[in-house]
Amino acid sequence: MLVDSYKYEDEIIVCLNVEEPEMMEIGAKMEEINPEAYMNGYNWDAFLTHYFRLHAPDLLEGLDPDPEAGSYVGHYEMTAENRKKAEKFVETVTKLLENENEIYRFLCEEGDRIDWD
């Protein structure tokens, strides 16, 4: 699974493994479109933050991103509302990854507005 969520202590964790071959392929195509889009965990954070601001701003409320070079991890406090947000986060990102042309279209339209790492 490329994106998933799980419970850890008093948090809900959402994670995206950017070093999976499929993710690396998508990232390479993104970098071809926009050279600033070197898709490590930090730039997935930048991309997703910008995407969510425009398409699902509620997912950013209470989200504490913690990207690293090889992964994107986000933390939500354990609440019923945040559990729904985590599910929507996984669903939204999964749909993007399954329809990667949407990623490329969004990148072409918004790439210059993204605060890349």
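Just to confirm my numbers, what's the Cα centroid distance between the range 66-117 and the range 1-64 in Å?
4 Å
Within the P(r) computed for the chain, what percentage of the Cα pairs occupies the region above 24 Å? Could the numbers behind the result be given before it?
Values: 1261 of 6786 pairs.
In whole percent, the share of Cα-Cα pairs in the chain beyond 24 Å is 19.
Lysine pairs in the chain with Cα distance under 24 Å, only those 8 or more apart or on different chains: how many are there?
7
Rounding to the nearest 10 and keeping the result within 0 to 90°, find how far the Cα-based axis of helix 100-110 lies from the longest principal axis of the chain.
80 degrees
Peptides 41-49, 2-10: what's the order by average Cβ count within 10 Å, highest mean first? Each step should come with its number before you reach the end.
On the way: 41-49: 21.4, 2-10: 12.3.
Output ranking for 41-49, 2-10: 41-49, 2-10.
Read-outs throughout are calculated quantities, based only on the coordinates presented, and are distinct from any laboratory measurement. What you see is a predicted model; the values in this text were computed from it and never measured. Note that each Cβ is placed from the backbone with ideal geometry, even for glycine, and that neighbours are counted across all protein chains shown.
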